[in-house]
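Each remark here refers to the structure printed beneath this line.
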Amino acid sequence: MQKILVVCLGNICRSPLAEGILLHLVAERKLNIHIDSAGTSSFHIGEAPDKRTISNAKKHNIDLSPLRARQFVQEDFERFDKIYVMDKSNLSNVLQLTLDRNDQQKVDYLLNCSFPGKNMEVPDPYFGGEQGFEDVFNLVYKACEDLLDSIQN
Ligand code: 4NP
């Protein structure tokens, strides 16, 4: 079974959103893929996703309320086949924990699923307004569809 991990800083906005969208699409498409998310920081360990992320996702029929934040750990390189990060700082934090080239090759920007090789970042909506959450939803939803399309084809 393929195993995919999505990673951001706090694991309360972008990566739980990506996890919830992937879980939704995997169920809809009846795929056998394991999905999880984590944050590079310890700031929000054990917390539910941000209220604004939960309410935005709910508008799109995706329930993030059962998810809880955890920190990214080195063992995640053994547990997962691919690790998708949201931005340059996540990439650098995750790469710092790699032990070899095999680990390094598992890591990529999530938005490279939609815009190959462009290394575009999913902006952090945490300090912004409601529209930021909607923009992030649309970007992440499309990237998750493109990711699963590429696995299926
Ligand atoms: P995330 O957003 O990395 O998408 O979960 C953030 C959440 C919290 C903080 C930063 C980013 N924070 O500084 O607490």
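Please treat every number below as a calculation from the coordinates, not as lab data. Keep in mind that this is a model prediction, so the values were computed, not measured. FYI the Cβ positions are ideal-geometry reconstructions off the backbone, even for glycines, and counts take in every protein chain you see.
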Taking segment 1-78, how much of its Cα-Cα pair set, in percent, is spaced more than 21 angstrom apart? 24
What percent does the relative contact order of the chain come to when contacts are Cα pairs within less than 8 Å and at least six residues apart? 26
Exposure proxy order (Cβ contacts within 10 Å, fewest to most) of Ser37, Ser55: Ser55, Ser37
For the residues Tyr84, Tyr109, Tyr126, what sequence is obtained by ranking on other C-beta atoms within 10 Å, fewest first? Tyr126, Tyr109, Tyr84
Give the span of segment 2-152's Cα atoms along each principal axis, as three whole-Å numbers ordered largest to smallest. 41, 35, 29
Less than 15 Å from a label point 7 Å out along the Cα-to-Cβ axis of Gln96: which backbone N atoms in segment 1-34 qualify, by residue? 8-10
For each of Phe137, Phe72, count neighbouring Cβ atoms within 10 Å of the residue's Cβ, then give the residues from fewest to most. Phe137, Phe72
Check every DSSP H run in the chain and write down those whose alpha carbon atoms cover 30 angstrom or more along the long axis and whose mean Kyte-Doolittle hydropathy is -0.5 or greater. 130-152
Have a look at Ala27, Ile45, Val140 and report the one farthest towards the positive end of the charge dipole of the chain, computed about the Cα centre with Cβ charges (Lys/Arg +1, Asp/Glu -1). Ala27
Magnitude of the Cβ-charge dipole of the chain, K/R +1 and D/E -1, about the Cα centre, nearest 20 debye? 160
